[in-house]
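Here's the structure we're looking at; comments come further down.
The values are calculated or read from the model by the stated rules, or taken from the named source; none is laboratory data. What you are looking at is a predicted structure, and each value in this text was computed from that prediction instead of being measured. With ideal geometry, Cβ positions are generated from the backbone for all residues, glycine too; neighbour counts draw on all protein chains shown. The area values use the complete protein model at the heavy-atom level, side chains included, leaving out ligands, DNA and RNA. Shrake-Rupley method; radii C 1.70, N 1.55, O 1.52, S 1.80 Å.
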Amino acid sequence: MRETDRFTGSTRLARVAAVLALGAAAVLSTGPVPASGSTRAPDIPDYQSALDAVRSPAVLDAVCRFLGVPVPKGGAQEPQAIPDTTDPCDGLPAFTVNDPLAFNEIAPGFVAGTSRPIATEAIALSQLVSSLSVEVDGRQATVILAPTPGGGWHLAAVRDGDAEVGYAGKAAPGALVFTEPQIRAWYVLKLVTVEPLNDQARQSLGGRASMSLSEYQTVVKARYADKQPGSEYDTKGMSSGYGAAPDDGPAPLLVGGSSAALVLGGIAFLLHRRRRHPDD
């Protein structure tokens with residue numbers, strides 16, 4: 001599945017856009033934090049479903065199987081089957097999967113210039129990410145959940161490292177974190193001001209410490225508007241279109257470069273070395 005498929009006029013995009021319109025107000029508000037202490041749940045639809053998923057034996061089993069396969073050491077890798085075992089967690093330290101966090105991206109309408117430069121139209125919830133409660137044999141992993149048609153969340157992938165979770169965890173009341181996946185840039189949106197969170201984002205903003213959301217829209221429109229799915233740039237095969245990420249981008253089912261897909265029971269797991277700390 002190409003990354004561009006996530007940005008077509010699909011039911012999924014319509015659903016997450018509608019959810020963000022309702023939830024961004026909660027994320028961007030400066031009101032009191034919910035009694036549970038979570039600042040993430042209000043902007044995530046069917047959050048109980050997501051909690052149930054990461055706490056399920058099936059997801060724990062999948063993570064253990066993932067951790068049981070050595071990380072490839074550079075170079076292109078062929079997909080490989082994860083050996084089936086009765087108890088894949090046997091011999092591994094005890095761990096749990098942390099509560100899921102929102103993984104937000106710039107929305108295609110915002111890039112095309114057809115949406116207004118406001119949070120509810122600029123940013124779209126695409127998936128959820130969770131890390132492990134502890135490192136397992138020196139490794140962290142990211143559990144990726146995708147929305148299920150009709151409601152709820154399901155396991156989409158498991159990936160090595162927790163950099164994306166580290167960025168997503170910087171969200172707070174009044175601060176909406178999102179990514180520009182094409183260049184692996186991470187930002188925080190404070191009302192209508194965009195601030196960079198990593199070097200790629202700082203470079204994207206031309207070294208500036210902040211930029212208005214309207215200015216940022218001008219930047220990404222110039223960068224991607226002519227490269228969206230169906231554009232001449234895309235149809236002539238010069239790229240996989242807007243939404244295509246580098247080899248180590250965030251697409252959980254994209255296989256290429258030094259990554260390797262691990263398949264278990266019809267679920268593809270992207271095994272990919274990620275830096276463990278987002279600020280590295």
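Here are a few things to note about the model shown:
- Along principal axes, Cα extents of region 120-191, largest first, whole Å: 41, 30, 26
- Cut-off 11 Å between beta-carbons: net charge of the residues surrounding Ile106, Lys and Arg +1, Asp and Glu -1: -1
- Taking amide H as placed 1.01 Å from N in the peptide plane, the amide H of Ala141 sits under 5 Å from that of Leu132, Gly161, each at least 5 places away or on another chain.
- 1.4 Å probe accessible area per residue over region 134-225, in Å²: 36 Å²
- Solvent-free Debye scattering, log10 I(q)/I(0), computed from the Cα coordinates of region 100-144 at q = 0.14, 0.17, 0.31 Å⁻¹: -0.48, -0.57, -1.00
- Carbon plus sulfur fraction of accessible area for region 83-132, probe 1.4 Å, in percent: 51 percent
- Relative to the compact-globule estimate of 2.2 N^0.38 Å, the Cα radius of gyration of region 136-178 comes out at 1.42.
- Considering only the Cα atoms of region 80-154, their convex hull presents on average a projected area of 8.3 nm².
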